[in-house]
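What follows is one structure encoded as structure tokens, with my remarks underneath.
Bear in mind these aren't lab numbers, they're just calculated from the coordinates by the rules spelled out. In this text, all values refer to a predicted model and were calculated from it rather than measured experimentally. Cβ placement follows ideal geometry from the backbone for every residue including glycine, while neighbour counts extend to all protein chains displayed.
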Amino acid sequence: MSSERKVRESVVDAARSIFNRGLTHGRTGNISVRWQDSILVTPTGSSLGTVTPDELSLIDANGKHIGGSKPSKEAFLHAAVLRARPQDSAVVHTHSTYSAALSCLDHSSTGSVIPPLTAYFAMRVGTLPLLPYHAPGDPALEGLAEVTARSHLAMLLSNHGPVVAGKDVATAMDALEELEETAKVHLLLHGHNTRPLTPEQAAAVAGR
């Protein structure tokens, strides 16, 4: 079993990777990892480019602060997703450019705002429901996020950005990156006729 220190370091490694590749900016975005019966999460006001292992916050499964620095104001969102997905141990939330742009569009349907344009999107993300707008840190989002996460590993917060879960930090990051790249492709194709995967083609690669 990994030590708490190694888990903390894995969070910071992911944070640096996300920041250095421009998937978040300034003091935006947050990462969490389940640790035993608790959750380690990046603290409030921190930059993913400079946060250190010792600065991480510790919250319980209900999002209550139990140790370390003051947690992100969106820590409750991480706790909600992890409660809904016992099979997963990590959550990544960013304001990545193309996903954030997609979250600002007026969508006719919010069940999945990106069609399965590529096999890898179908494989690593599947569907991307759009949740209605809530101000950052609004606890009214908690229940909706928990219900949505039971059947979706990723969701898009309106006028905000993506939230992605995974069995570990690396898997959550893979899905986040695939989501961001597919959002970019989707926006580049806006106004063009596209041929997404059929439901049968998407189902054949889902979860691989």
| field | Reported label for calculated volume of the Cα convex hull per residue in Å³ given [x] 109; [y] 117; [z] 148 | value | [x]
| remark: With Cα springs under 10 Å, the Gaussian network model of the chain assigns the largest mean-square fluctuation among Ala145, Ala79, Ala170 to Ala170
| task | Read phi for every residue in region 59-68 and hand back ³J(HN,Hα) as whole Hz from Karplus 6.51 cos²θ - 1.76 cosθ + 1.60, θ = phi - 60°, with x for Gly and Pro. | result | 10, 8, 5, 9, x, 6, 6, 10, x, x
| Taking the Cα-to-Cβ direction at His192 and at Arg16 and moving 7 Å from each Cα, how far apart do the two end points lie in nm? | 3.7
| message | Only counting other Cβ atoms within 10 Å, I'd like Ile66, Ile59 sorted with the fewest neighbours first. | response | Ile66, Ile59
| said: Can you show me the helix-derived [θ] at 222 nm for the chain, built from DSSP H runs with n ≥ 4 at -39,500 (n - 2.57) apiece and divided by the number of residues, rounded to the nearest 500. | reply: -11000 deg cm²/dmol
| message | Cut-off 10 angstrom, C-alpha nodes, Gaussian network model of the chain. Which of Ser112, Ser47, Ser57 fluctuates the most? | response | Ser112
| How much length is gained on full extension from Leu105 to Thr50, taking 0.36 nm per residue of separation minus their Cα-Cα distance? | 16.6 nm
| request: Quick one: compute the contact order of the chain, relative version, from alpha carbon pairs under 8 angstrom and 6+ residues apart, as a percent. | output: 21
| query | With +1 on each Lys and Arg Cβ and -1 on each Asp and Glu Cβ, how big is the dipole of the chain about its Cα centre, in debye rounded to the nearest 20? | reply | 100
| Listed here are the pairs Lys6/Lys70; Lys6/Lys184; Lys6/Lys73; which of them are more than 29 Å apart at the Cα? | Lys6/Lys184
| note | Result row for the chain, helices from DSSP H with C-alpha axial extent 27 Å or more and mean Kyte hydropathy at least -0.5, is 169-188
| note | Between Ser72 and residues 5 or more places away or on another chain, the pairs with built amide H atoms under 5 Å apart involve Thr44
| Relative contact order, percent, of region 30-123 when contacts are C-alpha pairs under 8 Å separated by at least 6 residues? | 23
| task | State the extension gain, in nm to one decimal, for the chain segment bounded by Ala203 and Asp138, taking 0.36 nm per residue of separation less the distance between their alpha-carbons. | result | 19.9 nm
| said: Taking the beta-carbon count within 10 Å as an exposure proxy, list Arg27, Arg34 from fewest neighbours to most. | reply: Arg27, Arg34
